1. Any residue in region 9-25 that is in contact (Cβ under 8 Å) with a residue 12 or more places away in the chain and farther than 17 Å from A44 by Cα sitting within a Cβ distance under 6 Å of a residue that is part of a strand (DSSP E or B) and not β-branched (V, I, T)? List the pairs, counting only those 6 or more apart or interchain.
2. If you scan region 34-62, which residues turn out to be of a type outside the set (D, E, K, R), within 21 Å of D9 (Cα to Cα) and open to solvent by less than 70 Å² (accessible area, probe 1.4 Å)?
3. D73: modelled with pLDDT of 95 or more, surrounded by 10 or more Cβ atoms within 10 Å (Cβ to Cβ) and of a type outside the set (V, I, T), yes or no?
4. May I ask you to verify whether P68 is surrounded by fewer than 16 Cβ atoms within 10 Å (Cβ to Cβ) and out of contact with any helix residue (DSSP H, G or I) (no Cβ under 9 Å at 6 or more places or on another chain)?
5. Residues being surrounded by 15 or more Cβ atoms within 10 Å (Cβ to Cβ) and closer than 16 Å to I1 by Cα: count how many of those fall in region 11-33.
Amino acid sequence: IDRLAVSKDCVTVADFKTSRTPGETEPVPGNYLRQLAVYRRVLARVYPNRAMRCLLIWTESATIREIPAEALDAASSAVFDQT
């Protein structure tokens with residue numbers, strides 16, 4: 001986690017990336033989604049009952065992309081629900 005902001009109602013996670021910024025229609029690489037999903041899952045235990053926002057920030061282009069909860073839920077399943 002590169003930056004973490006915690007308020008009474010919300011936890012915001014920001015992770016910086018130096019790789020090429022994906023285009024607006026390109027998907028975020030799966031390894032980035034899985035990384036944020038792990039952070040989110042751990043922080044949800046530390047800060048229960050708070051909204052979670054997860055952001056990827058590409059430093060070269062100053063591009064910020066908020067990752068939707070649905071995408072992080074799917075990535076979390078891929079990491080934690082393996083049988």
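The values are calculated or read from the model by the stated rules, or taken from the named source; none is laboratory data. Given the structure is predicted, the values throughout are model-derived calculations rather than measurements. Cβ: placed from backbone, ideal geometry, glycine included. Neighbour counts: every protein chain shown. The area values use the complete protein model at the heavy-atom level, side chains included, leaving out ligands, DNA and RNA. Shrake-Rupley method; radii C 1.70, N 1.55, O 1.52, S 1.80 Å.
1. Pairs that qualify, where the first residue is in contact (Cβ under 8 Å) with a residue 12 or more places away in the chain and farther than 17 Å from A44 by Cα and the partner is part of a strand (DSSP E or B) and not β-branched (V, I, T), are K17/L56; K17/W58; T21/W58.
2. As a first pass, look at region 34-62 and keep what is of a type outside the set (D, E, K, R): 35-39, 42-44, 46-49, 51-52, 54-59, 61-62.
Among the residues that remain, those that are also within 21 Å of D9 (Cα to Cα) are: 36-39, 42-44, 46-49, 51-52, 54-56.
The answer is L36, A37, V38, Y39, L43, A44, Y47, A51, M52, C54, L55, L56.
3. Details: modelled with pLDDT of 95 or more: no; surrounded by 10 or more Cβ atoms within 10 Å (Cβ to Cβ): yes; of a type outside the set (V, I, T): yes.
Considered against the rule, which asks whether it is modelled with pLDDT of 95 or more, surrounded by 10 or more Cβ atoms within 10 Å (Cβ to Cβ) and of a type outside the set (V, I, T), D73 comes out as no.
4. Working: surrounded by fewer than 16 Cβ atoms within 10 Å (Cβ to Cβ): yes; out of contact with any helix residue (DSSP H, G or I) (no Cβ under 9 Å at 6 or more places or on another chain): yes.
Yes: the conditions hold for P68.
5. Filtering region 11-33 for residues surrounded by 15 or more Cβ atoms within 10 Å (Cβ to Cβ) gives 11-15, 17, 21-22, 28, 32-33.
Next, only the ones that are closer than 16 Å to I1 by Cα stay: 11-15, 17, 32-33.
Matching residues across region 11-33 total 8.
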